[in-house]
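Q: Before I ask anything, here is the structure I am working with.
Bear in mind that the values in this text are calculations on the coordinates, not laboratory data. Values in this document were obtained by computation on a predicted structure and should not be read as measured data. Note that we place each Cβ from the backbone using ideal geometry, even for glycine, and neighbour counts take in every protein chain shown.
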């Protein structure tokens, strides 16, 4: 499985889990010149910007560790661009979904409020 195929599968599984939890998917793979956000969804009074990290066999470390401070900054800037184009009264939140593809069935860990916007 290629890295892209692994990522696409992880995003699809994560989107399905979020939908099962009652989230409404607003957009997938939103991108601008600053970066990309895998899943943008609504949950109650919250708009969630979700980064999905999928891991297969022989991959070291926890998937969430790949969401470095630099990656977080790109996600925040990209989320800001989304909100400029799509104003909303919803409160933003940044989540990470770890997808472990080497397990049967694949295990997904949803980390809510995985990081905060720094001023």
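Q: Considering only DSSP beta bridges with both partners in the chain, what is the antiparallel share in %, to the nearest 5?
A: Details: 17 of 27 bridges.
Restricted to the chain, the bridges split so that about 65 percent are antiparallel.
Q: For helix 69-85, report the angle its Cα long axis makes with the longest principal axis of the Cα atoms of the chain; keep it between 0 and 90° and round to the nearest 10°.
A: With both axes taken from Cα atoms, the answer is about 50 degrees.
Q: Pop a pseudo-label 7 angstrom from the Cα along the beta-carbon direction at both residue 73 and residue 88 and give the gap in nm to one decimal.
A: 2.6
Q: Where is the GNM fluctuation largest for the chain (alpha-carbon springs, 10 angstrom cutoff): 60, 18, 97?
A: 60
Q: Another question, then. So how tilted is helix 3-20 from the main axis of the chain? Cα-based, degrees 0 to 90, rounded to 10.
A: 60
Q: Can you tell me the length gained on complete extension of the stretch residue 24 to residue 8, counting 0.36 nm per residue apart and subtracting the Cα distance?
A: 3.9 nm
Q: Go ahead and set up a Gaussian network model of the chain, Cα springs under 10 Å, then flag whichever of 29, 43, 86 fluctuates most.
A: Residue with maximal mean-square fluctuation among 29, 43, 86: 86.
Q: Right, another one. Compute the relative contact order of the range 3-111 as a whole-number percentage, counting only Cα pairs closer than 8 Å that sit 6 or more residues apart in sequence.
A: Values: 176 pairs, mean separation 29.6, N = 109.
27 percent.
Q: For the chain, what does the helix formula give at 222 nm: sum of -39500 (n - 2.57) over DSSP H segments with n ≥ 4, over the residue count, nearest 500 deg cm²/dmol?
A: -10000 deg cm²/dmol
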